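Report on one structure; see the data block that follows.
The values are calculated or read from the model by the stated rules, or taken from the named source; none is laboratory data. If you're wondering where the values come from, they're calculated on a predicted model, not measured in any experiment. Note that we place each Cβ from the backbone using ideal geometry, even for glycine, and neighbour counts take in every protein chain shown.
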Amino acid sequence: MPLSKDFLWGGATAANQYEGGWDQGGRGLANVDLAPHGPRREAIILGLEKHLQPEEGLFYPGHEAIDFYNHWQEDIALFAQMGFKTFRMSIAWSRIFPKGDETQPNEEGLMFYEKVFKELRKYDIEPLVTITHFDIPMHLVTEYGGWRNRKLVDFYENLVTVLFTRYKGLVKYWLTFNEINVLLHAPFMGAGVYIEEGENRDQGLFTAAHHELVASALATKIGHQIDPENKIGCMVAAGDYYPWDSKPENVREALDKNRENLFLIDVQARGKYPNYFLKQLEREGLTLPILEGDEELLAQNTVDFVSFSYYSSRVTKVQEEGDEETSGNIFASVKNPYLKASEWGWQIDPVGLRTTMNTLYDRYQKPLFIVENGLGAIDKPDETGYVADDYRIAYMAEHIAEMIKAVELDGIELLGYTSWGCIDLVSAGTGEMSKRYGFIYVDRDDQGNGTLKRTPKKSFDWYKKVIASNGQDLSNS
Ligand code: BG6
């Protein structure tokens with residue numbers, strides 16, 4: 001079974017890294033506006049340093065990002081030129097509800113996305129919309145404590161009701177929360193949450209997570225009520241953990257790590273908390289803030305599909321002195337000696353993509369959607385601005401080949417593939433522009449200098465050919 005003719009090829013972005021226009025169109029201040037470039041970034045996004053207002057002297061790359069806000073027509077035309085069938089983007093919550101707790105939305109914000117969706121449709125590009133991608137109005141953080149507060153469920157309900165109503169017929173594919181599991185590692189970026197000194201960290205995080213799960217189920221319910229055509233998915237930062245070796249304790253450790261990564265998706269896709277997690281709560285003396293009706297809501301409103309990002313597999317073992325760690329997408333891992341790594345130390349494992357797809361499909365039996373995959377690399381443009389990014393082509397060709405095997409040989413239902421950062425944008429982890437993923441080079445540096453000029457790279461024509469051949473031609477020639 002080859003890829004279906006409706007396979008959704010495309011690219012992925014997020015408002016906080018792409019859109020810019022942070023103070024335009026009535027948009028309010030959001031947590032993502034407070035992630036500076038430089039040494040303080042990590043502590044801020046992890047929630048270890050409280051940072052509630054932009055500070056003089058710090059550079060916040062997300063404020064202008066690469067200014068999709070004022071370049072949307074030009075960018076969409078370029079995506080259309082590559083033959084995109086879908087385009088993943090996210091809504092900046094504070095563009096629709098600047099403070100988050102208003103009852104009336106900001107029309108200018110709604111209009112912006114309406115124009116964008118119509119422009120995409122003009123080229124037959126299906127929008128794939130992440131409702132929140134690490135994004136929350138700061139007012140909801142300072143006044144309510146972010147997602148640890150149950151009231152956030154109501155504000156999110158308002159948001160999704162407005163979005164589903166206004167964009168009915170324009171948008172069909174929705175993701176409720178980007179990488180929901182990231183909130184367990186980077187609570188400020190993931191959920192606008194700070195863990196206070198002396199507080200039980202897991203209790204705080206699981207409380208916020210429960211609220212997001214309820215909000216996600218509610219969004220699924222409302223989305224289906226408003227338009228039965230809507231397809232609503234969850235999203236996980238995926239990548240299987242391999243055991244370091246066959247030592248039984250290490251195999252067990254890998255099982256635990258995979259569960260830790262997937263238990264929120266277990267709820268979104270299967271409709272209830274898994275027993276292993278409930279037992280963990282019992283052991284740790286923790287409770288979930290479950291209200292009457294929550295369990296039915298979760299059970300009755302599971303997602304239509306499971307989407308995920310995949311950059312690498314991970315390795316785990318019971319820690320011993322001297323173990324070498326490697327960096328990765330938020331999660332550190334033991335270094336895998338069989339794999340090469342990117343310039344940022346993210347290990348490259350195309351086979352792991354197929355394995356991860358099988359894990360997710362075996363576990364959930366729902367269609368999958370790869371909504372992020374790609375190589376962050378340093379690009380060196382020539383004097384005309386052209387980048388010959390053969391390394392990116394090689395990375396993607398190998399991953400796409402494994403993805404196709406997962407469909408053709410393993411029989412996995414796969415809705416589509418959107419490569420991350422199809423146009424160069426700001427890195428979520430480091431705030432750098434120099435960590436580039438795109439098919440389109442954008443003239444901007446880590447300090448915010450540059451013309452923002454867009455120039456197709458070599459991978460632009462390559463990806464166009466991949467899409468035109470529906471994945472049959474992956475050659476770099
Ligand atoms: C995912 C996020 O975690 O990884 C994206 O959903 C992010 O927002 C991507 O950009 C790649 O990570 P980074 O740190 O290289 O930008």
Checklist entry - Mind checking whether some residue in segment 55-67 is under 27 Å from PHE155 (Cα atoms), touching a Gly at 6+ places or on another chain (Cβ under 9 Å) and more than 16 Å from the ligand (Cβ to nearest atom)? => result yes
Checklist outcome for this item: Per the filter on segment 279-304, residues surrounded by 11 or more Cβ atoms within 10 Å (Cβ to Cβ) and of a type in the set (D, E, K, R) are GLU284, ASP294, GLU295, GLU296, ASP304
Checklist entry - Given LYS317, LYS335, LYS366, which one is modelled with pLDDT under 95 and more than 27 Å from ALA428 (Cα to Cα)? => result LYS317
Next on the checklist: Take ILE404 and tell me if it is away from the ligand (no atom under 16 Å from the Cβ), crowded, with 21+ Cβ neighbours inside 10 Å, at pLDDT 95 or above and over 19 Å from the mean Cα position of the chain (by Cα).
Outcome noted: no
Checklist entry - Quick check, is ASP75 more than 23 Å from the chain's Cα centre (by Cα) and acidic (Asp, Glu)? => result no
Checklist entry - Considering only segment 279-305, how many residues are touching a Leu at 6+ places or on another chain (Cβ under 9 Å) and part of a helix (DSSP H, G or I)? => result 5
Item to check | Test set (1) under 29 Å from GLU320 (Cβ atoms); (2) without any contact (Cβ under 8 Å) to a residue 24 or more places away in the chain; (3) among the small types (Gly, Ala, Ser) - GLY198 fails condition number | outcome: (1)
Next on the checklist: Here's a check for you: in segment 374-393, which residue that is in a loop (DSSP other than H, G, I, E, B), more than 12 Å from TRP462 (Cβ to Cβ) and among the small types (Gly, Ala, Ser) is nearest to the ligand (Cβ to nearest atom)?
Outcome noted: GLY376
Checklist entry - Pairs under 8 Å by beta carbon, first residue under 13 Å from ASN476 (Cα atoms) in segment 393-413, partner modelled with pLDDT of 95 or more and basic (Lys, Arg), six or more apart or different chains? => result ILE393/LYS458
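For every residue, the table says whether it meets (1) of a type in the set (D, E, K, R); (2) within 16 Å of the ligand (Cβ to nearest atom); (3) touching a residue at least 40 places away in the same chain (Cβ under 8 Å); (4) in contact with a Gly (Cβ under 6 Å, 6 or more places away or on another chain).
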| site | (1), (2), (3), (4) |
| --- | --- |
| THR130 | no, yes, yes, no |
| HIS133 | no, yes, yes, no |
| MET138 | no, no, yes, no |
| GLY146 | no, no, yes, yes |
| VAL153 | no, no, yes, no |
| ASN158 | no, no, yes, no |
| VAL162 | no, no, yes, no |
| THR165 | no, no, yes, no |
| VAL171 | no, no, yes, no |
Next on the checklist: Condition check: in contact with a Phe, Trp or Tyr (Cβ under 9 Å, 6 or more places away or on another chain), under 18 Å from ILE222 (Cβ atoms) and away from the ligand (no atom under 16 Å from the Cβ). Does PHE79 satisfy that?
Outcome noted: no
Item to check | One residue from THR165, THR176 being surrounded by fewer than 21 Cβ atoms within 10 Å (Cβ to Cβ), modelled with pLDDT of 95 or more and among the polar types (S, T, N, Q) | outcome: THR165
Next on the checklist: For segment 286-321, give me each residue that is away from the ligand (no atom under 16 Å from the Cβ) and among the β-branched types (Val, Ile, Thr).
Outcome noted: THR287, ILE290, THR302, VAL303, VAL315, THR316, VAL318
Checklist entry - Going by the structure shown, is GLU260 acidic (Asp, Glu), assigned to a helix (DSSP H, G or I) and either within 16 Å of the ligand (Cβ to nearest atom) or surrounded by fewer than 18 Cβ atoms within 10 Å (Cβ to Cβ) (or both)? => result yes
Checklist entry - If you take the residues of segment 420-442 that are part of a strand (DSSP E or B) and either modelled with pLDDT under 95 or more than 11 Å from the ligand (Cβ to nearest atom) (or both), which of them is nearest to the chain's Cα centre (by Cα)? => result ILE423
